[in-house]
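See below for the structure under consideration.
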Amino acid sequence: MEIIQGGQEDVDTAALIWAHAVAKRDGYDEVPSLEAARPGVESALANEPSLLLLAQEDGEAVGFIAGGPQETDTAYINYVGVHPDAWGKGVGEALLRALPDALIKNGYEKAELLVYVDNVRGVRLYERLGWIKVGAPVPHPRNGRVEQRYSFSPASWDMGA
């Protein structure tokens, strides 16, 4: 598996991965369209310095991380997405292990993200890799699903080693 820096030309690829992942994770009857998925990824990358990392297997993108500035020194990771066909193959972990170098390269001192507490696979991965819970879980403002904020600093992150 190879982790590469993505660009604007990779937004559609990331959006389609996310559409498939969220459909499977949340039990949708249909995969959301590219038109429905693209705006979220575009928004995540709208401000500089943005982050888009792609995980590739045999030259095909199977996962991604997308985010950008939340505060001067903090990146907000909007998306950690893995295509369901690649679930359980270490794609999310590989992306998260590549993230500290990308953060440092882009001038960030820390990163934060939100994860649904019922996303057991995601929660276990973040906690195993050393992400720290911040505050109490809260309901998502649009759908009411409970989310937990997590944070880490590349300078102190041991990645669960």
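The values are calculated or read from the model by the stated rules, or taken from the named source; none is laboratory data. All values reported here derive from a predicted model rather than from experimental measurement. Neighbour counts run over all protein chains shown; Cβ positions are idealised from the backbone, glycine included. Ligands, DNA and RNA are excluded from the accessible area calculation, which covers all protein heavy atoms including side chains. Shrake-Rupley method; radii C 1.70, N 1.55, O 1.52, S 1.80 Å.
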Checklist entry - Do the sum for the chain: with -39,500 (n - 2.57) for every DSSP H run of n ≥ 4, divided by all residues, what is the mean residue ellipticity at 222 nm, to the nearest 500 deg cm²/dmol? => result -10000 deg cm²/dmol
Item to check | Rounded accessible area of ARG145 (nearest 10 Å², 1.4 Å probe) | outcome: 60
Checklist entry - How do VAL80, VAL22 stack up against each other in accessible area, from largest to smallest, with a 1.4 angstrom probe? => result VAL80, VAL22
Checklist entry - Excluding TYR116 itself, what net charge comes from residues whose Cβ is under 11 Å from its Cβ, given Lys and Arg +1 and Asp and Glu -1? => result 0
Checklist entry - Once you sort the root eigenvalues of the Cα gyration tensor of the range 88-143 as a ≥ b ≥ c, which label holds: rounded (a/c under 1.5), prolate (a/b larger than b/c) or oblate (the other case)? => result oblate
Next on the checklist: Sort THR74, THR13 by heavy-atom solvent-accessible area, probe 1.4 angstrom, most to least.
Outcome noted: THR13, THR74
Item to check | Order of exposure, largest accessible area first, which applies to GLU147, GLU48 with probe 1.4 Å | outcome: GLU48, GLU147
Checklist outcome for this item: Taking protein heavy atoms only, a 1.4 Å probe, and rounding to whole percent, the accessible area of the range 70-161 owed to carbon and sulfur comes out at 51
Item to check | Dipole in debye (nearest 20) - the range 1-118, about Cα centre, beta carbon charges: Lys, Arg +1; Asp, Glu -1 | outcome: 240
Next on the checklist: Kirkwood Rh over alpha-carbon pairs of the chain, then Stokes-Einstein at 25 °C and 0.890 mPa s: what D in µm² s⁻¹, rounded to an integer?
Outcome noted: 155
Next on the checklist: Highest mean first, how do 59-65, 131-137 rank when packing is the count of other Cβ atoms within 10 Å averaged over residues?
Outcome noted: 59-65, 131-137
Checklist entry - Heavy-atom accessible area per residue, the chain, 1.4 Å probe: how many Å²? => result 52
